Amino acid sequence: MKSLFSKLNIFVLLVVAFGCNDKELSNLNVTAVKNLYEPLNNKSVVLQSSASASLYFEWEPAKAEDMGMVLYEVVFDREGGDFSNPIYRMASDNNGGYNHATITHKQLNNIAAKADIASGATGKVQWTVYSSKGINEKKAEMTWVLEITRLQGFENVPVDVYITGEGSEAGATVANAQILKSTAAGEFEIYTKLTGGQTYFFTSDRTGSRKFYPEGSVIKEGEQTATAPATGIYKLTLDFTTSSFSMCEVTAVVFIPLWQNEEFLLDYAGNGIWHKVITFP
């Protein structure tokens, strides 16, 4: 009999527990966003290659049944799509907690590419907002159109990038070319020495099957080369998604030990490495 009562008590507790969970789940409903504010419907934006370039999105806040916080996602689809299979979605600012989002031009360029808009071309995408408490998401009552003029990026981005040429640190033999570090999809960088007045260029491999060269702040594909402005150590940055190039001379690298108030100027050892032999008393 005691065992029977124990089983009944456990059953009652489980029913109560599941009842509480059902109640909690029923409080996870939110309203759909009623109005979109920014950017205006059919707004046109010409994308810029600057890393700081962005577009501001804002909408009317939704309401949660439990009066708590609502989470938001900005969702994109091809023009004429129904958002059943969106091409891109991202959380709003503050990890989805704000009723606005700051989307960089580079992200918009990626979104336009997913909508089959060619590099440098102009096309349209649709956007809307989903509100939720993590589940039971609701699509906004409005859907707006955004016209995007894409960046002049490379359609076929190289997997690897190398630097070579008589002015490069590794010399003119392509088989000895230095590989650049990949920092993101289509983005590469390297710290290297260039010899002033001599030429350099980039390749997709150590056979030179595809060649690239900087012209001002733009990276182009072809047989041309660039000339180093002066002998020195440089940070070179290439972004094939935006066809952009930048170079910055590194004039000094200093090491400051935490255990003593003294600076040590490091010597460049080659291949993007600085070092210094330090003798402590």
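The values are calculated or read from the model by the stated rules, or taken from the named source; none is laboratory data. This is a predicted model, so every value here is computed, not measured. Cβ placement follows ideal geometry from the backbone for every residue including glycine, while neighbour counts extend to all protein chains displayed. For the accessible areas, the whole protein counts, side chains as well, though only heavy atoms, and no ligand, DNA or RNA atoms are used. Shrake-Rupley method; radii C 1.70, N 1.55, O 1.52, S 1.80 Å.
Per the conditions (1) modelled with pLDDT of 95 or more; (2) aromatic (Phe, Trp, Tyr); (3) over 23 Å from Val157 (Cα atoms), the sole criterion not satisfied by Phe212 is (3).
The strands (runs of 3 or more DSSP E) falling completely within region 114-233 that include 3 or more residues that are among the charged types (D, E, K, R) map to 187-194. In region 101-113, the residue that is farthest from the chain's Cα centre (by Cα) out of those that are of a type in the set (S, T, N, Q) and not in a helix (DSSP H, G or I) is Thr102.
For every residue, the table says whether it meets (1) surrounded by fewer than 16 Cβ atoms within 10 Å (Cβ to Cβ); (2) among the polar types (S, T, N, Q); (3) touching a His at 6+ places or on another chain (Cβ under 8 Å); (4) over 26 Å from Ser84 (Cβ atoms).
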site: Asn109; (1), (2), (3), (4): no, yes, no, no
site: Lys114; (1), (2), (3), (4): yes, no, no, no
site: Ala140; (1), (2), (3), (4): no, no, no, no
site: Arg150; (1), (2), (3), (4): no, no, no, no
site: Ser168; (1), (2), (3), (4): no, yes, no, yes
site: Gly197; (1), (2), (3), (4): yes, no, no, yes
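Scanning region 75-96 for residues that are open to solvent by 70 Å² or more (accessible area, probe 1.4 Å) and either without any contact (Cβ under 8 Å) to a residue 40 or more places away in the chain or among the hydrophobic types (A, V, I, L, M, F, W, C) (or both) yields Asp82, Ser84, Asn85, Asn94, Asn95. Per the listing Thr128, Thr102, the residue uniquely β-branched (Val, Ile, Thr), at pLDDT 95 or above and exposed (fewer than 15 other Cβ atoms within 10 Å of the Cβ) is Thr102.
Quick grid of which residues meet (1) in contact with a Phe, Trp or Tyr (Cβ under 7 Å, 6 or more places away or on another chain); (2) modelled with pLDDT of 80 or more; (3) of a type outside the set (A, V, I, L, M, F, W, C):
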{"site": "Lys2", "(1), (2), (3)": "no, no, yes"}
{"site": "Phe5", "(1), (2), (3)": "no, no, no"}
{"site": "Ile10", "(1), (2), (3)": "no, no, no"}
{"site": "Leu14", "(1), (2), (3)": "no, no, no"}
{"site": "Asn27", "(1), (2), (3)": "no, no, yes"}
{"site": "Thr31", "(1), (2), (3)": "no, yes, yes"}
{"site": "Val45", "(1), (2), (3)": "no, yes, no"}
{"site": "Tyr56", "(1), (2), (3)": "no, yes, yes"}
{"site": "Ala62", "(1), (2), (3)": "no, yes, no"}
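Restricting region 244-281 to residues that are of a type in the set (Ser, Thr, Tyr) and in contact (Cβ under 8 Å) with a residue 60 or more places away in the chain leaves a set whose member that is least open to solvent (accessible area, probe 1.4 Å) is Ser244. From the set of residues in region 227-243 that are touching a residue at least 60 places away in the same chain (Cβ under 8 Å) and more than 24 Å from His105 (Cα to Cα), which is least open to solvent (accessible area, probe 1.4 Å)? The qualifying residue least open to solvent (accessible area, probe 1.4 Å) is Ala228.
Kindly indicate whether Glu187 is under 28 Å from Ser49 (Cα atoms), among the charged types (D, E, K, R), buried (at least 19 other Cβ atoms within 10 Å of the Cβ) and free of Cβ contacts under 8 Å to residues at least 60 places away in the same chain. When the stated conditions are applied, Glu187 passes them. Of the residues making up region 75-100, just one is in contact with a Leu (Cβ under 9 Å, 6 or more places away or on another chain), in a strand (DSSP E or B) and either over 25 Å from Ser243 (Cα atoms) or among the hydroxyl-bearing types (Ser, Thr, Tyr) (or both), namely Ala91.
What are the residues in region 199-217 that are among the hydrophobic types (A, V, I, L, M, F, W, C) and open to solvent by 10 Å² or more (accessible area, probe 1.4 Å), if any?
Once the filter is applied, which keeps residues that are among the hydrophobic types (A, V, I, L, M, F, W, C) and open to solvent by 10 Å² or more (accessible area, probe 1.4 Å), region 199-217 yields only Phe201.
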